[in-house]
């Protein structure tokens, strides 16, 4: 088979032409990688709520037309000049949180955020300010530096990490966002200790990953809060000790969910997590924290223009409000270890896959995601 290195590839991609519309699976031209860029043949991708959020038009950084997707894994097809971190044929995971290892952020030891390509990534272009995608005679924007809803994509070399080929790409892709985000939030960002009282608001992929991280760290009570009562079985399967439906709590006890959690935990939770993106829930999660040391971690992304609020006294009395991206995990340095944990049986991944679709049916994957019985739908990128 003739090499495609250095050539433009025509392949299929799911293009979001306008907000609120179904994705259109059609031909796209993918230019070869330039210096410090990598072209990946995407084999599998997860469909995440962040993709749906941007497609809805509520994302303040959302721009169209764009190829969405940020939870993908595949094989390196070709590399540009100066690329040394990965090689042709490597099994890789695309990283929406890059790691250059040289900027102020990477060198700080305080964060997994990287400042090297943040501006261009936010504008939907490669670091040189241009796109590698064209369809219908016009440029198509990149998404989160990854655009995994295409059979081939181009990423910066700091936005990809090689992992062992022993891990199937339909599993490895899920470590590109949801599972790592939740598990890392519990094991890297939060101070969960043996016996800690933990509350998790939202029992989707991220929330359930937090639960398994809390179990690993030896938490005592792990309380999952979700309005979908069908999520209780899922929560307990991953290690939750309690499940609360906040609507039922109010109806039966006449207490707010935060008051109920304070009552259950003798003063409040040590750590709470919001995975919903609902600013009202974010407030409840903070106010469910224990006075003096409780910490609430915001993971869910709220719609443009929304703000969080609480009485300042909640913070004056020692509660901490903080957020995190990608679970505080540094993709190039630490993600391979999570892949190895999965292979050793120390990290659940298979259990998250509830639905599967082909690229041609990617809109069905979005439909699955909106239903309560879906944790993650994995899309096979072969046509």
(message) Suppose we look only past 36 Å in the calculated P(r) of the chain. What percent of the Cα-Cα pairs does that tail hold?
(response) 22
(request) Can you put 346, 380, 266 in order of Cβ neighbours within 10 angstrom, beginning with the fewest? (result) 266, 346, 380
(message) Checking the a/c ratio against 1.5 first, then a/b against b/c, what shape does the Cα gyration tensor give for the range 86-147?
(response) oblate
(message) Quick check on the range 1-142: what does the Kirkwood estimate of hydrodynamic radius come out to from the alpha carbon pairs, in Å?
(response) 16.3
(message) Looking at the range 257-383, I'd like the Rg to Rh ratio, where Rg is from alpha-carbon atoms and Rh is Kirkwood's inverse mean 1/r.
(response) 1.07
(request) State the Cα centre-to-centre distance between the range 230-246 and the range 249-294 in whole Å. (result) 16
(message) Suppose we take every Cα in the range 248-319 and form the convex hull; what volume per residue is that in Å³?
(response) 90
(request) For the chain, calculate the relative contact order in percent as a whole number, restricting contacts to Cα pairs under 8 Å that are 6 or more residues apart. (result) 17
(request) Please compute P(r) over all alpha-carbon pairs of the range 181-324, binned at 5 Å starting from zero, and give each bin as a whole-number percent. (result) 2, 11, 22, 26, 22, 12, 4, 0
(request) Could you tell me the distance between the Cα centroids of the range 173-188 and the range 77-141, to the nearest Å? (result) 20
(message) Can you tell me, using C-alpha contacts under 8 Å and at least 6 residues apart, the relative contact order of the range 181-324 as a whole percent?
(response) 21
(request) Could you work out how far the C-alpha centroid of the range 14-48 sits from that of the range 196-226, in angstrom? (result) 33
(request) Pop a pseudo-label 7 angstrom from the Cα along the beta-carbon direction at both residue 136 and residue 88 and give the gap in nm to one decimal. (result) 3.4
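Every number in this text was worked out from the coordinates using simple rules, so none of it is lab data. The structure displayed is predicted, hence computed values, not measured ones. For neighbour counting, all protein chains shown are included, and Cβ atoms are generated from backbone atoms with ideal geometry for every residue, glycine included.
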